[in-house]
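Structure first, commentary second.
The values are calculated or read from the model by the stated rules, or taken from the named source; none is laboratory data. Source: prediction; values computed, not measured. Backbone-built Cβ (ideal geometry, glycine too); neighbour counts: all protein chains shown. Just so you know, the surface numbers come from the protein's heavy atoms only, side chains and all, with ligands and any DNA or RNA stripped out. Shrake-Rupley method; radii C 1.70, N 1.55, O 1.52, S 1.80 Å.
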Amino acid sequence: MHSTTHFIAEAHARQTPARLSLLQVVLWVSLLAMCVGFGPPIITDGDRPALRLAPENVDALVRIRDVPNVTAASALVADLESGLALYEKAATEARPPASTAKIMTALVVIDQVPVDDVVVVSPTAASTPGSRMGLNAGDRLTVLELLYGLLLPSGNDAAVALAQHVAGTQADFVELMNARASAMGLSSTRFANAHGLDAAGQVTSATDLVTLARTALQDPNIAEIVAVRSITIGGRQLENTNELLGTYDGVNGVKTGTTDEAGECLVASVTRDGRTTLLVELGSTDRFGDARKLLDYAAEAFVWHNTDLPVSALAWVTGHDDRYYRLRSESTSDIFVPAWQQALLLPVVRLDAGAVMTGTAPIGELWWVLGSELVAAVPLSVLQGP
């Protein structure tokens with residue numbers, strides 16, 4: 001399993017990192033060119049051919065550079081599929097996790113025991129301080145029911161009950177949590193308990209929590225639980241502490257956390273049009289306000305661009321026999337780009353020398369380029385002959 005650092009770094013390599021350097025432009029040059037009327041402004045990062053921008057491109061570029069000011073001490077917004085970081089603020093800084101630690105608790109429990117196991121709540125679990133599910137000593141609940149109590153009202157009592165059921169003691173369970181964190185490459189993460197209450201040496205980072213949330217959401221039980229706003233378990237009405245659920249379009253998880261040392265923390269997941277964005281905040285004083293600002297920014301500043309062959313004259317080429325052939329592009333992934341760059345992406349058809357214009361074998365590629373940068377290469381074949 002990759003850490004988010006590796007996840008994002010590899011995605012940058014796939015998505016051509018030089019495109020990201022274009023964000024470090026000197027805006028005043030572009031804006032001056034607009035003002036003096038010498039046509040569309042030119043943008044360059046100093047070591048690559050210039051790109052000529054239309055006014056709408058400059059407007060979009062100005063918006064993407066208007067980064068929100070948030071109260072969180074540490075934050076990260078990442079696109080789940082591409083791995084690109086859309087916003088970062090001290091993302092690798094180690095900080096107390098508060099109840100975001102319960103994401104790892106849930107993941108370890110799911111890995112270790114069946115969800116229909118019956119758990120007998122101990123006096124120790126029932127008396128755990130802080131946020132609670134409302135358990136009493138001797139209560140009998142399934143693992144699945146306790147997971148709802150763990151992840152919705154952030155029950156510390158549920159965390160200890162689950163830890164004891166899985167490993168016998170909370171201390172032994174914490175060893176499983178740390179082993180899993182190490183296996184996942186969470187280099188800034190160390191757990192000291194199963195519930196996230198402040199403890200010496202218990203830390204994580206926004207980068208690690210993105211990786212943890214990404215992994216946890218792959219489990220259908222966890223994904224279903226964290227998307228629930230409220231549920232009744234054993235006569236207890238459990239309310240989700242994530243106030244974004246039902247109030248911000250597309251939110252379907254994941255976990256809040258609050259302690260004196262950690263401040264307000266949040267791991268949020270937003271899915272729109274089949275695309276998921278993950279947000280992590282640590283040490284905030286207005287986590288939901290911060291989250292709305294960052295998620296709005298990400299939705300406006302970045303877009304997915306379809307890499308299919310455009311339905312235009314570009315789809316028709318002249319073969320070696322001087323007859324016309326219609327091309328088709330093979331199925332491939334869309335590309336994720338800053339919104340201001342989308343209008344600058346250009347399709348270029350490149351055919352292989354001596355390609356036979358029959359059958360379904362690839363005969364070349366459709367290149368999507370940004371200036372001199374190759375952003376994506378899509379295989380082409382013949383759809384229709386003369």
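General observations
- Set of aspartates and glutamates with alpha-carbon distance to Lys89 below 15 Å, sequence-local pairs under 8 removed: Asp66, Asp208, Glu281, Asp290
- Sites Asp296 and Glu239, calculated FRET efficiency, Cβ-Cβ separation with R0 22 Å, nearest 0.05: 0.30
- Protection proxy ranking for 241-251, 157-167, using the average of other Cβ atoms within 10 Å per residue and placing the highest first: 157-167, 241-251.
- Over region 82-151, relative contact order from alpha-carbon pairs under 8 Å, at least 6 apart, %: 31 percent
- Taking the Cα atoms of region 118-207, the ratio Rg/Rh between the radius of gyration and the Kirkwood radius comes to 0.98.
- On the principal axes of its alpha carbon atoms, region 292-386 extends 57, 23, 19 Å, with the longest extent given first.
- When peptides 125-136, 350-361 are ranked by their average number of other Cβ atoms within 10 Å per residue, the highest-first order is 125-136, 350-361.
- Mean sequence separation of contacting Cα pairs (under 8 Å, at least six apart), scaled by the length of region 139-243, corresponds to a relative contact order of 29 percent.
- Relative contact order of region 310-386, pairs being alpha-carbon contacts under 8 Å that are 6 or more residues apart, as %: 34 percent
- Accessible area in the full protein assembly, largest first, 1.4 Å probe, for Thr258, Thr271, Thr277: Thr258, Thr271, Thr277
- Rounded FRET efficiency, nearest 0.05, which uses the C-beta distance separating Val369 from Ser333 and R0 of 25 Å: 0.90
- D_trans [Stokes-Einstein, Kirkwood Rh over alpha-carbon pairs] for region 235-376, 37 °C, 0.692 mPa s, µm² s⁻¹: 172 µm²/s
- Kirkwood-type radius of region 245-311, with distances r between different C-alpha atoms, in Å: 13.3 Å
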